1. Hey, can you tell me all the residues within region 228-244 that are part of a loop (DSSP other than H, G, I, E, B) and surrounded by 12 or more Cβ atoms within 10 Å (Cβ to Cβ)?
2. Return the pair list, or none, for Cβ contacts closer than 8 Å from residues in region 560-573 that are closer than 17 Å to residue 324 by Cβ and touching a residue at least 40 places away in the same chain (Cβ under 8 Å) to residues that are outside any loop (DSSP other than H, G, I, E, B) and more than 9 Å from the ligand (Cβ to nearest atom), at least 6 apart or on different chains.
3. Would region 519-530 turn up any residue that is within 16 Å of the ligand (Cβ to nearest atom), more than 27 Å from residue 458 (Cβ to Cβ), more than 29 Å from the chain's Cα centre (by Cα) and in contact (Cβ under 8 Å) with a residue 40 or more places away in the chain?
4. For residue 510, which of the numbered conditions (1) touching a helix residue (DSSP H, G or I) at 6+ places or on another chain (Cβ under 6 Å); (2) within 16 Å of the ligand (Cβ to nearest atom); (3) more than 30 Å from residue 300 (Cβ to Cβ) fails to hold?
5. Would you check if residue 153 is outside the structural domain of residue 356 (by TED's automatic domain parsing) and crowded, with 18+ Cβ neighbours inside 10 Å?
6. Restricting to region 558-592, name every residue that is within 16 Å of the ligand (Cβ to nearest atom), assigned to a loop (DSSP other than H, G, I, E, B) and touching a helix residue (DSSP H, G or I) at 6+ places or on another chain (Cβ under 7 Å).
7. Any idea which of 351, 392 is part of a helix (DSSP H, G or I) and surrounded by 21 or more Cβ atoms within 10 Å (Cβ to Cβ)?
8. Quick check: is even one residue across region 316-338 away from the ligand (no atom under 16 Å from the Cβ), in a helix (DSSP H, G or I) and over 30 Å from residue 61 (Cα atoms)?
Ligand code: GCB
């Protein structure tokens with residue numbers, strides 16, 4: 001699915017702004033559908049409040065019922081469309097809405113989508129009123145179930161001596177707040193009626209002869225007889241290569257490769273543009289950024305353009321005050337500034353695919369991305385659920401379709417910490433990993449395991465072993481002196497069994513900013529420094545061998561459900577939730593900046 005970009009043949013209308021909003025907390029929790037709220041302005045159905053789009057709705061108001069709401073939330077707004085667009089194809093696109101979403105336009109269903117982190121769209125020409133207002137209504141349900149990703153369950157509390165009638169709680173199988181809302185942009189965009197529907201680009205590089213090949217495949221919908229031109233432009237807009245066919249190979253002599261910004265191997269993050277034109281630009285034009293690079297994995301190394309890449313990275317979350325998981329350009333810019341300040345060259349989209357605007361920055365700034373699906377917290381009792389597996393396969397297809405052309409995306413992570421030691425995990429992961437490799441033979445595939453070398457049954461399918469380890473935190477709390485020994489032992493044991501590169505995809509310690517103690521105690525800033533230093537010393541013994549990276553849990557503090565082990569959220573950030581450094585950030589900054597050019 002192509003990201004909406006304006007061009008000579010395409011225009012965009014944004015629906016970002018303040019919408020009307022209400023939750024359906026009626027006794028049946030289904031009043032919205034029973035009374036057809038989508039058939040009239042939401043403000044005529046009862047009290048509405050203003051709600052920002054994009055944003056999570058949870059932290060925008062002072063109402064606990066809204067913050068903790070589970071069920072259907074409703075949004076609507078009015079918009080107009082110029083008559084000049086009458087002859088164009090009109091597409092309504094949601095970049096993401098969490099979780100299950102039904103969209104109505106002027107009272108009729110336009111599209112529905114299952115899944116909280118990926119875009120969906122519909123052609124709406126027949127539904128638009130060009131002679132007056134249009135009403136756009138969204139019904140959104142954030143309930144997590146055994147067939148959602150992440151999965152969750154609802155517990156009904158039937159004992160009325162303890163709980164009110166009809167009481168239930170949502171049980172989450174993951175450690176982050178289940179923010180809900182229209183999280184990313186909503187847009188109406190135009191294309192011509194014969195249009196470029198999809199573009200797939202892959203690249204290979206022959207380093208020895210200094211030649212690259214750009215393979216492209218373009219899907220056109222409409223008149224297939226239309227003339228098509230493809231041009232590859234360099235950064236200055238100079239045409240490097242061209243072709244008149246919808247699929248083929250462009251040979252690039254002396255290519256400027258896409259490199260992570262920390263690798264001293266050329267211009268960082270160089271992007272070409274693939275310009276696709278139908279009928280010389282009269283009909284449709286689409287410009288796709290293209291980074292020429294190749295990713296390979298050996299038994300010991302993670303190679304970008306045949307050069308070993310060591311990931312000095314962090315795990316992140318889409319999370320901040322007030323807006324929750326809502327897209328915010330100031331936050332994106334700040335986060336990338338802090339990533340660069342820290343010297344980070346890689347992050348994992350823990351634990352779901354991030355906004356396209358975030359990946360744009362990774363492409364443009366040269367930061368490697370491990371693109372993770374929302375498959376977090378899949379338990380042994382989930383694996384036999386065929387509907388969940390089908391949904392997971394569908395989500396991988398949607399992720400691939402959205403992110404396949406991005407040079408920054410160098411590996412797929414299909415899941416985080418599943419019960420990969422259970423017997424029924426094997427078929428499940430064989431299927432999900434197999435499906436992902438079939439979709440994309442050009443990138444390695446993995447998942448993060450918190451199991452061990454002796455009981456994990458699914459690491460056999462991955463290209464790079466990713467392990468999450470909390471020595472000195474969840475085990476031997478307070479004892480940083482055991483970390484190096486435990487890491488070394490564990491590494492060697494994985495190595496004995498598998499001849500694959502290893503990446504530590506999580507390690508860290510909870511730290512409440514401003515808490516100090518000498519000697520250190522868990523949750524103080526001193527303790528976080530001690531824990532990270534011990535891991536660093538252990539890692540240093542294996543860099544250059546089979547260890548290909550380290551990802552600190554976490555870039556910044558983030559919100560979780562309320563839980564006695566969490567202090568207003570998870571505090572393992574090296575930055576606060578407001579992106580200010582804790583003392584450990586200085587340690588990481590020093591370490592990562594000293595690793596430049598060697599990775
Ligand atoms: C993990 C999870 C992550 C948690 C983290 C923690 O292993 O992958 O989602 O937030 O541990 O802090 O407990």
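The values are calculated or read from the model by the stated rules, or taken from the named source; none is laboratory data. This structure is a prediction, so every number in the text was calculated from the model and none was measured. Counting neighbours? That spans all protein chains shown, and the Cβs are built from the backbone with ideal geometry, glycine included.
1. 234
2. Correct list of pairs: 561/172; 573/511; 573/556.
3. Among the residues of region 519-530, at least one is within 16 Å of the ligand (Cβ to nearest atom), more than 27 Å from residue 458 (Cβ to Cβ), more than 29 Å from the chain's Cα centre (by Cα) and in contact (Cβ under 8 Å) with a residue 40 or more places away in the chain, which makes the answer yes.
4. It fails just one condition, (1).
5. So residue 153 does not fit the description; no.
6. 574, 582
7. Result: 392 is the single residue among 351, 392 that is part of a helix (DSSP H, G or I) and surrounded by 21 or more Cβ atoms within 10 Å (Cβ to Cβ).
8. No, region 316-338 contains no residue that is away from the ligand (no atom under 16 Å from the Cβ), in a helix (DSSP H, G or I) and over 30 Å from residue 61 (Cα atoms).
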